[in-house]
Every structure is written in structure tokens, then in C-alpha cells.
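Engineer: Got a structure here, written out as C-alpha cells. Questions coming.
The values are calculated or read from the model by the stated rules, or taken from the named source; none is laboratory data. All values reported here derive from a predicted model rather than from experimental measurement. Here Cβ is always computed from backbone atoms with ideal geometry, including for glycine, and neighbour counts include all displayed protein chains.
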Amino acid sequence: MGLLDGKVAIITGAGRGVGEAHARKLASEGAAVVVNDVGRNEDGSFTAETVAASIRAGGGKAVANTQDISTAEGGKSQLQSALDNFGRADILVNNAGILRDKSFLKLEEGDWDSVIKVNLKSMFNVTQPVFAWMKEHGGGVIVNTTSTSGIVGNFGQANYAASKGGAWGFTNVLAIEGAKFGIRVWSLAPAAVSALTAPLMDDKMKAILATEHVAEALLYMVSDLSGKRTGHTLFVSGQSIRELKLVSAPGIPGGGMGAKADARAIAAAEDKIFRPEPTLTIMDFAK
Ligand SMILES: NC(=O)c1ccc[n+]([C@@H]2O[C@H](COP(=O)([O-])OP(=O)(O)OC[C@H]3O[C@@H](n4cnc5c(N)ncnc54)[C@H](O)[C@@H]3O)[C@@H](O)[C@H]2O)c1
């Protein structure tokens with residue numbers, strides 16, 4: 001008995017990396033999976049085809065979708081693949097993402113546009129048709145991949161952080177709008193060994209940061225194990241699993257409340273306006 005028997009999942013960017021681990025994990029728990037990816041193997045074949053074929057060879061259910069999700073047509077095709085092949089869509093994992101890192105003054109318009117289009121606009125393209133279907137069919141679960149880079153910032157990633165901060169805000173709204181239709185929506189900020197970072201890691205580190213550890217938390221998020229939880233952001237790596245959320249300082253009454261809140265009064269009340277803890281940096285998530 002799998003945790004996802006009878007469910008159908010769409011996972012973007014699932015031809016390798018974290019997305020591939022997600023696809024394999026959800027399929028191993030009984031979900032039928034649409035494995036989306038535009039990426040290709042060295043012989044020119046699609047990585048999505050390879051992953052889907054391997055899941056099927058292991059007795060699972062999977063189909064490849066090789067459309068570019070940064071386009072409206074590619075986005076719509078994800079729901080269509082799920083319906084054509086498996087008849088429903090219960091889970092959507094918006095995972096595909098790209099990097100074009102440069103320090104801000106070196107960033108060109110193309111670097112900005114391509115990252116926003118693939119990482120953020122794709123979420124609109126893919127999610128809107130799926131959300132509409134889920135609304136009419138009793139709900140579902142959507143997980144949007146964000147990054148600590150977008151939440152606390154990271155040098156050289158203005159475009160990437162903007163896209164991932166956008167994904168986080170997108171989740172917050174869909175969680176509110178989806179609540180009355182039984183659509184749960186999460187943000188997932190992963191940290192895992194990737195095609196880029198693998199050459200820099202020894203075997204011990206690669207095992208600790210294996211993508212499978214992220215996929216296990218995804219399984220919790222999309223299965224009934226997480227109950228009615230929605231709107232949360234989980235940071236997940238092989239080292240740590242924890243919620244990230246905004247907290248407010250106590251603050252002071254504003255000027256409209258008859259209080260003295262001019263610039264000098266604000267400066268004098270800094271101990272109530274700001275929180276005393278040090279601000280998190282990207283390095284806090286590498287521990
Ligand atoms: N690996 C990490 O530590 C880490 C940290 C923070 C966030 N993330 C995010 O997690 C997600 C997965 O990261 P990863 O490390 O597995 O990256 P990855 O590069 O290994 O995998 C991303 C996949 O997305 C696919 N893709 C890119 N553009 C696409 C498009 N237009 N249409 C369809 N597929 C497309 C790629 O071909 C690739 O296979 C990304 O959104 C990434 O930003 C990863």
C-alpha cells in the first residue's frame with residue numbers, strides 16, 4: 001500500500017537532480033507521474049524519457065513530457081499529459097529552474113528575462129490550468145520550489161533571488177485562494193547536491209546532501225501525512241528540515257493612532273521596531 005496510490009503527479013524539471021528524485025519517490029509510493037523536462041542526454045535523447053522509462057521498468061507508472069514550461073503552450077501541456085495518460089491531476093511540483101549568476105552590475109537584460117521566465121512565469125503557465133482542474137475535482141496539492149537565496153539573499157543572484165522570492169509570494173496567495181477548494185499549496189526551499197555542485201563535493205558530502213532526502217520531505221508535503229497543512233515553507237536538506245516563516249517585531253503605535261511617531265521618535269524606538277536576532281544569511285543554511 002503506497003502513500004500515493006491512485007494519485008497523479010506532475011513534476012517539472014524532473015529529468016535530473018531534485019526533480020528526478022521527486023519523480024522516483026512519488027512513483028515508488030504509487031503515484032502515476034508526468035516527468036517534464038526539456039533537458040537532453042549526451043546522445044540527444046530527452047532526460048525526461050530516460051527517467052520515465054526507468055520508472056516504468058521498475059514497475060511504476062510514468063510518462064515523459066518534453067515541453068518548455070516557460071511558454072504558455074508548454075505550461076498547458078502538463079495538465080493535458082496528466083489527463084491524457086492518467087485521467088486526473090492530484091499533485092503539481094513546480095521544480096524546474098535555471099541559474100544565470102552574475103553580480104548585479106554585470107547582469108544583462110537577457111540574464112534577467114530568461115531566469116524570471118523559466119523560474120517564475122512557468123509557475124503561472126503550468127499552475128493555472130492545474131489549479132482550475134483541481135478546483136473542479138475536489139482539490140490537490142501544489143509545491144512551488146523556492147530558494148533560501150530568494151528569502152535571505154545571496155551574492156550574484158539578483159535575478160535568481162527575484163524569481164525565487166516571487167515563487168514564495170505566489171505560494172502565499174495560492175494557499176489563500178486554494179483553501180476553499182481543498183487545494184493545499186507549499187513552498188519548498190531545497191539544498192541538495194546538483195550537477196553544478198557535485199564536482200566540488202567529496203562522497204561523504206554527496207551522501208549527506210543527496211536529492212533523495214529532499215524527495216522524502218516532498219512526499220510528506222504532498223501526501224495525507226501532512227493533513228490539512230497549507231501555506232508553509234519548508235527548508236529541506238539531508239542535514240536539516242525546518243519551517244521558514246516571517247516573524248514580526250512588537251513595533252510601536254503609528255502616528256495615525258495619536259502616538260508620537262515622527263522620524264526622531266522612530267529612531268528612539270529602534271529596540272521595539274527591529275528584532276534583536278542576527279539576520280539569517282545563506283551560510284546559515286549550509287550547516
Ligand atoms: N540543488 C540545490 O541545492 C537547490 C537549492 C535551492 C533551490 N533549488 C531549486 O530546486 C530546483 C531543482 O534544482 P536542481 O539542483 O535539481 O537543478 P537541475 O539543474 O539539476 O535540474 C533542473 C531541471 O530543470 C530543467 N529545466 C530547465 N528549464 C526548463 C524548462 N524551460 N522547461 C522544462 N524543464 C526545464 C532542466 O533541464 C533540469 O533538468 C530548481 O528550481 C532550483 O532552483 C535547488
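Condition check ((1) among the aromatic types (Phe, Trp, Tyr); (2) in contact with a Lys or Arg (Cβ under 9 Å, 6 or more places away or on another chain); (3) in contact (Cβ under 8 Å) with a residue 40 or more places away in the chain; (4) not assigned by TED's automatic domain parsing to the domain that holds TRP186) across all residues:
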| position | (1), (2), (3), (4) |
| --- | --- |
| LYS206 | no, no, no, no |
| VAL222 | no, yes, yes, no |
| ARG242 | no, no, no, no |
| LYS260 | no, no, no, yes |
| ALA265 | no, no, no, yes |
| PRO278 | no, no, no, yes |
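Engineer: Considering each of LYS76, LYS117 in turn, give the residue that is closer than 30 Å to GLY156 by Cα, basic (Lys, Arg) and not in a loop (DSSP other than H, G, I, E, B).
Structural biologist: After ruling out the rest, the residue left standing is LYS117.
Engineer: Further question: Scanning the range 20-40 for residues that are more than 11 Å from the ligand (Cβ to nearest atom), out of contact with any Leu (no Cβ under 8 Å at 6 or more places or on another chain) and not small (Gly, Ala, Ser), which turns out farthest from SER194 (Cα to Cα)?
Structural biologist: Selected residue: VAL34.
Engineer: Kindly indicate which of GLY44, GLY17 is assigned by TED's automatic domain parsing to the domain that holds PHE181, on the phi > 0 side of the Ramachandran plot and near the ligand (Cβ under 8 Å from one of its atoms).
Structural biologist: On inspection, the qualifying residue turns out to be GLY17.
Engineer: Okay, next question. Is it the case that some residue within the range 201-222 is part of a loop (DSSP other than H, G, I, E, B) and β-branched (Val, Ile, Thr)?
Structural biologist: Within the range 201-222, none of the residues are part of a loop (DSSP other than H, G, I, E, B) and β-branched (Val, Ile, Thr).
Engineer: Could you grab me the full set of residues in the range 18-45 that are in contact with a helix residue (DSSP H, G or I) (Cβ under 9 Å, 6 or more places away or on another chain) and within 16 Å of THR66 (Cα to Cα)?
Structural biologist: Within the range 18-45, GLY19, GLU20, ALA23, VAL33, VAL34, VAL35, ASN36, ASP37, VAL38, GLY39, ARG40, ASN41 meet the criteria.
Engineer: Right, another one. Quick one: is GLY15 part of a loop (DSSP other than H, G, I, E, B) and under 30 Å from GLY156 (Cα atoms)?
Structural biologist: For GLY15, the condition - part of a loop (DSSP other than H, G, I, E, B) and under 30 Å from GLY156 (Cα atoms) - is met.
Engineer: Let me ask you something else. Among the residues of the range 161-180, count how many are farther than 14 Å from HIS232 by Cβ and out of contact with any Ser or Thr (no Cβ under 6 Å at 6 or more places or on another chain).
Structural biologist: 9
Engineer: Kindly indicate whether SER237 is surrounded by fewer than 20 Cβ atoms within 10 Å (Cβ to Cβ), assigned by TED's automatic domain parsing to the domain that holds ILE151 and within 12 Å of the ligand (Cβ to nearest atom).
Structural biologist: no
Engineer: For residues in the range 88-114 being assigned to a loop (DSSP other than H, G, I, E, B) and within 16 Å of the ligand (Cβ to nearest atom), which is nearest to LEU3 (Cα to Cα)?
Structural biologist: Applying the filter and picking the extreme gives ASN95.
Engineer: Considering each residue of the range 51-65, count those that are within 16 Å of the ligand (Cβ to nearest atom) and either surrounded by 20 or more Cβ atoms within 10 Å (Cβ to Cβ) or in a strand (DSSP E or B) (or both), and give that number.
Structural biologist: 7
Engineer: Can you find a residue that is surrounded by fewer than 17 Cβ atoms within 10 Å (Cβ to Cβ), touching a Leu at 6+ places or on another chain (Cβ under 9 Å) and not basic (Lys, Arg) anywhere in the range 71-93?
Structural biologist: no
Engineer: In addition: Conditions: (1) within 23 Å of ARG16 (Cβ to Cβ); (2) within 13 Å of the ligand (Cβ to nearest atom); (3) not β-branched (Val, Ile, Thr). TRP168 meets all but one. Number of the miss?
Structural biologist: So the condition that TRP168 fails would be (1).
Engineer: Moving on to the next point. If you check ASP90 against the conditions, is it closer than 28 Å to GLU177 by Cα and among the acidic types (Asp, Glu)?
Structural biologist: yes
Engineer: With the condition kept exactly as written, say whether any residue in the range 80-87 is under 24 Å from GLU216 (Cβ atoms) and not hydrophobic (A, V, I, L, M, F, W, C).
Structural biologist: No: zero hits.
Each row is one residue, and each column tells you yes or no for (1) in the same structural domain as LYS76 (by TED's automatic domain parsing); (2) within 29 Å of SER103 (Cα to Cα); (3) surrounded by fewer than 21 Cβ atoms within 10 Å (Cβ to Cβ).
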position: PRO129; (1), (2), (3): yes, no, yes
position: SER147; (1), (2), (3): yes, yes, no
position: PHE155; (1), (2), (3): yes, yes, yes
position: ASN159; (1), (2), (3): yes, yes, no
position: LYS164; (1), (2), (3): yes, yes, no
position: ALA167; (1), (2), (3): yes, yes, no
position: ALA175; (1), (2), (3): yes, no, yes
position: LYS180; (1), (2), (3): yes, no, yes
position: SER194; (1), (2), (3): yes, yes, yes
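Residue by residue, here is whether (1) within 24 Å of SER114 (Cβ to Cβ); (2) among the hydrophobic types (A, V, I, L, M, F, W, C); (3) within 15 Å of the ligand (Cβ to nearest atom) holds:
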{"residue": "ASN125", "(1), (2), (3)": "yes, no, yes"}
{"residue": "GLN128", "(1), (2), (3)": "yes, no, no"}
{"residue": "LEU188", "(1), (2), (3)": "yes, yes, yes"}
{"residue": "SER194", "(1), (2), (3)": "yes, no, yes"}
{"residue": "VAL222", "(1), (2), (3)": "no, yes, no"}
